[in-house]
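As structure tokens, the structure follows; a few thoughts come after it.
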Amino acid sequence: MPSFKIVVIGGGAAGFFGAITAAETFPNAEITLLEKSKTVLNKVRISGGGRCNVTHSCFDNRKLIKNYPRGESFLRPLLKQFDAASTVNWFESRGIRLKAEADGRMFPVTDLSETIISCLLQEARRLNVQIRTSCGVKSLIPSDGRWEIETLSGENWLVDRVLIAVGGYPQPASYGWIPGLDEADQAPKQLISPVPSLFTFNTPNNPLLSLAGVSVPDAIIRVSGTKQEQRGPVLITHWGFSGPAVLRLSAWAARELAELNYTHEIRINWLAALNENQVREQMQSYRQQHPKKQVATQSLFGLPGRLWSALATEAGISPTERWAELAGKAQNRLINLLTNNTFAVSGKSTFKEEFVTCGGIATDALKPETLESKQFPGLFFAGEVLNVDGITGGFNFQNAWTTGYVAGKNIGI
């Protein structure tokens, strides 16, 4: 008979990796994975447009951890146990080859998330991990060194170890069943209030909305009144702005933007490599060399033609106006729109279906080498339920693999 029972709560990437690692490390344990939904690995399924962005091809851990707005110092020692190279080796040793794309994102060569799902399910079955779906947890109570679990369907279990890997929740109340989080006097503080991360900006009064689909590969976007800014591709959408620079900005400024209730101002320099004076000098030079050319019809600085024409129109420049005829005030307005274009943000939208939470279980409340709760022995945490989140590009899955591995390695000790 098994010497002890382990329950993993949460059937996502971290939960599966924790359960599989625990089963490999402690072969005499009876391991059960509980998932409240009807299906498991749902976020894996939709990630990367259905391709699953498994990790990032950054194999220098000192650089890798710079992609985590929350959790950098916490993850640093954990990556010594299981990093991106370990992830690649783990999957390839099980017959799943990964490929790196130009931006560093890594996908299975099949370009199918089902490849990753099938691998994880196969490993879990091979190791006799019992998987229970439609099995949410109502309460989790410590009991003489063990844990009493009551499910939403009324089942009651008594187990030795518990790994919580339920992902991120948008509301603090959703964490109430986790021990220690409903107490007024928390020492150390167990929960960092959760807010969304990785989202796009809604700008309903944006005059550029008709340009949905136009992308600028190198822009600078800032949140007015803060020090938060990011540089990179910006995409104009039907509702506002998206793209890597916007998503990174939403991640690094997640808490500040929540405090602003997602109603704030952003400023975009569409020409990231140039400042206002450099734009003015280059524009003056072009104007002198091509006085008879129409301003609005020929884009400068490599900008998409539709965006250039829209900015020229917004600056008050008529479609037929030539450079020789351009008034100084109109030119100044165009320069300002190119380098300091201002938009009022009113709300946010989830990036595709990849909701990520800033906040969660405080990392200070865990033993850093094992991910066991300091307050509740035998209770472990892994994945996005922690106050750890990365920018888009495979970093959140790497957090899941890393923390799931470390928790699984130590949960039976």
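Side notes on the structure shown:
- Note on residue 413 and residue 342: the model spin-label points, each 7 Å out from Cα along the C-beta direction, lie 5.6 nm apart.
- Here region 377-413 is scanned for amide nitrogen atoms under 20 Å from the site 7 Å beyond the Cα of residue 66 along Cα-to-Cβ, giving 389-399.
- The calculated FRET efficiency for residue 80 paired with residue 215, based on their beta-carbon distance and R0 = 41 Å, is about 0.60.
- Förster-model FRET efficiency, 22 Å R0, residue 274 and residue 322, C-beta, rounded to 0.05: 0.40
- Net charge of neighbours whose Cβ lies under 15 Å from the Cβ of residue 165, counting Lys and Arg as +1 and Asp and Glu as -1: +1
- Note, ³J(HN,Hα) from phi for region 153-166, Karplus 6.51, -1.76, 1.60, rounded to Hz, x at Gly and Pro: 8, x, 6, 10, 10, 10, 10, 8, 9, 9, 10, 9, 9, 8
- Centre-to-centre, using Cα atoms only, region 248-289 and region 142-211 are separated by 35 Å.
- Region 307-348-region 1-56 distance, computed between alpha-carbon centres (Å): 53
- Listed pairs 5/138; 5/409; 189/348; 80/409; 80/348 exceeding 25 Å between Cα atoms: 189/348; 80/348
- Electrostatic tally near residue 119: other residues with Cβ closer than 12 Å to its Cβ, Lys and Arg +1, Asp and Glu -1, net +1.
- With R₀ fixed at 60 Å, the C-beta to C-beta distance from residue 300 to residue 93 puts the FRET efficiency at about 0.70.
- Residue-averaged [θ]222 nm for the chain, counting only DSSP H segments that reach four residues, each worth -39500 (n - 2.57): -9000 deg cm²/dmol
- The residues packed around residue 40, meaning those with a beta-carbon under 15 Å from its beta-carbon, carry a net charge of +3 if Lys and Arg are +1 and Asp and Glu are -1.
- Added length on full extension, which subtracts the Cα-Cα distance from 0.36 nm per residue, residue 155 to residue 370: 74.5 nm
- Taking label positions 7 Å along the Cα-Cβ direction at both residue 102 and residue 126, the computed distance is 3.6 nm, reported to one decimal.
- At least 15 Å along the helix axis (C-alpha) and Kyte average at least -1.0, DSSP helices within the chain: 13-25, 113-126, 328-339, 395-410
- Fewest-first ordering of 255, 222 by other beta carbons within 10 Å of each residue's beta carbon gives 255, 222.
- For residue 139, nonlocal amide neighbours, meaning residues 5 or more places apart or on other chains whose placed amide H falls under 5 Å from its own, are 150.
- Nearby lysines by direct alpha-carbon distance to residue 293 (threshold 21 angstrom, same-chain neighbours under 8 apart not counted): 329
Here, each number is a calculation from the coordinates, and none is a lab measurement. A quick note: this is a predicted structure, and the numbers were derived from the prediction, not measured. Every residue, glycine as well, gets a Cβ built from its backbone with ideal geometry; the counts of neighbours run over all protein chains shown.
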